[in-house]
Amino acid sequence: MLACDYTNAILAFVMIMTFVYEFSQRFRLYLKFFLFYAMVMVCSVLCIPFIIWRPGDVTNTLIATFPLRILNPLLGLHWEVHGMEHITVDRPAIVVANHQSSIDFLGMVYMWPMFHKITAIAKKELFYAMPFGLTAWLCGTRFIDRRNPDRAKSSMNAALDYVKEKSAKLWVFPEGTRNMADEMLPFKKGAFHLAIEGQLPILPVVYSSYRGFLSHPYKVFNPGHIIVTCLPPISTEGMDKTDMEDLMEDVRNQMMEVYRRTSSQVHHPWPLAEAVKKHS
């Protein structure tokens, strides 16, 4: 009898949650982000025994992120990658990508096996988001103290030495913070300084706009289709610091052109405009 009561209670709970999920935009957004962050934390713990023997090894990333790939279908995210041939070449490079949301990380998870050997720059505060920070460090993530310019510069130079030694790629968000506006924010110099200093090519990666399916102000997170475009490498051979401003402008202009074009091409089965209309 008690088991029957528990079963009925569970069924009632599932039915209520299904109803709320279907008709509440706010609940759907919060649930999806909860699943995202909870899964990241759980996987961070579970993978530690398998990667702790090779601390700082970028190939640990393939192990740590493999189970996270299930999040994309669970959250209704479809990633379409163009220009894959530009990122699969085994060479050190600086990858620069536009930064819209924390779900950019799921695009990185989707593409990690294509890069094979790649690490990332992250703000120092993320290291203390345990257990994620520890796992990220074991995977070779380079943490930067942005409030201390001298330490930040030292960390960036160490990251450059690392990617050159390991023939790996280094992923950087040059905008420095999340941005879902029509225009990318002005790029910061760090990634371009590294590319010129190391005479490494820049690999621009452009995510199409999320604004067709994701809105934090309106509490909407619908299924989404994202086009990720990997542009041909941009050589920095023979450049010095006097070329940095022109290089930054050239890379940003190329990325903005692709961002506008691909954002107009994506189709979302549940348009955000309709969700916003219902919200109002």
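The values are calculated or read from the model by the stated rules, or taken from the named source; none is laboratory data. Note that the coordinates shown come from a computational prediction; the quantities given were computed from them, not determined experimentally. Remember, those area values only see protein heavy atoms, side chains included, never the ligands or the DNA or RNA. Shrake-Rupley method; radii C 1.70, N 1.55, O 1.52, S 1.80 Å.
How large is ³J(HN,Hα) for each residue in segment 103-114, as worked out from phi by the Karplus curve 6.51 cos²θ - 1.76 cosθ + 1.60 (θ = phi - 60°), to whole Hz, x for Gly and Pro?
Whole-Hz 3J(HN,Hα) from phi for segment 103-114: 6, 3, 4, 6, x, 4, 4, 5, 8, 3, x, 6.
To the nearest 10 square angstrom, what accessible area does Trp112 show with a 1.4 Å probe?
Per-residue accessible area (Trp112): approximately 20 Å².
Report D for segment 200-268 in µm² per second (integer): Stokes-Einstein, Kirkwood Rh on Cα pairs, 4 °C, 1.567 mPa s.
Details: Rh = 13.8 Å.
Reported coefficient: 94 µm²/s.
Tell me the relative contact order for the chain as a rounded percent, counting alpha carbon contacts under 8 Å between residues six or more apart.
Working: 441 pairs, mean separation 62.4, N = 280.
In percent, rounded to a whole number, it is 22.
If you plug each phi of segment 239-253 into the Karplus form 6.51 cos²θ - 1.76 cosθ + 1.60 with θ = phi - 60°, what whole-Hz ³J(HN,Hα) values come out, in order, with x for Gly and Pro?
7, 9, 5, 6, 8, 5, 4, 5, 5, 4, 5, 5, 5, 5, 4
If the cut-off is a Cα-Cα distance under 27 Å, which lysines reach Lys189, setting aside same-chain residues fewer than 8 apart in sequence?
Answer for Lys189, where 27 Å is the Cα cut-off: Lys117, Lys123, Lys124, Lys153, Lys164, Lys166, Lys169, Lys241, listed by chain and number.
Just for the chain, what percent of DSSP beta bridges are antiparallel, to the closest 5? Display every interim value, and only then the final one.
Numbers: 6 of 26 bridges.
Counting DSSP beta bridges with both partners in the chain, the antiparallel share is about 25 percent.
Determine the share of the chain's accessible area contributed by carbon and sulfur atoms, expressed in whole percent, with a 1.4 angstrom probe. List each step's numbers first, then the result.
On the way: 9150 of 14520 Å².
Result for the chain: 63 percent of the exposed heavy-atom area is carbon or sulfur.
Quick one: accessible surface of Tyr37, probe radius 1.4 Å, all protein chains present, in square angstrom to the nearest 10.
Answer for Tyr37: close to 110 Å² accessible.
Take the Cα atoms of the chain, build their convex hull, and give its volume per residue in Å³.
Values: hull volume 40.4 nm³, N = 280.
Given the Cα convex hull of the chain, per-residue volume reads 144 Å³.
Any lysines with Cα under 16 Å of the Lys32 Cα? List them, leaving off those in the same chain fewer than 8 positions away.
The qualifying lysines are Lys219.
What is the set of long-range amide H partners of His82 at a cut-off below 5 Å, with H atoms built 1.01 Å from backbone N?
Val228, Thr229, Cys230
In Å², what does the accessible area per residue of the chain work out to with a 1.4 Å probe?
Details: 14520 Å² over 280 residues.
That works out to 52 Å² for each residue.
Averaged over all directions, how much area does the convex hull of the C-alpha atoms of segment 23-107 cover when projected, in nm²? Intermediate results must be reported in sequence, preceding the final value.
Working: hull surface 29.1 nm².
That works out to 7.3 nm², a quarter of the Cα hull's surface.
³J(HN,Hα) across segment 78-88 via Karplus (A = 6.51, B = -1.76, C = 1.60, θ = phi - 60°), whole Hz, x for Gly/Pro?
Once θ is set to phi - 60°, the couplings for segment 78-88 become 10, 9, 10, 9, 10, x, 4, 4, 7, 9, 8 Hz.
Kirkwood Rh and Cα-based Rg: tell me the resulting Rg over Rh for segment 116-196, rounded to two decimals. Let's see the in-between values first.
Details: Rg = 13.0 Å, Rh = 13.4 Å.
Reported Rg/Rh (Cα atoms, Kirkwood Rh): 0.97.
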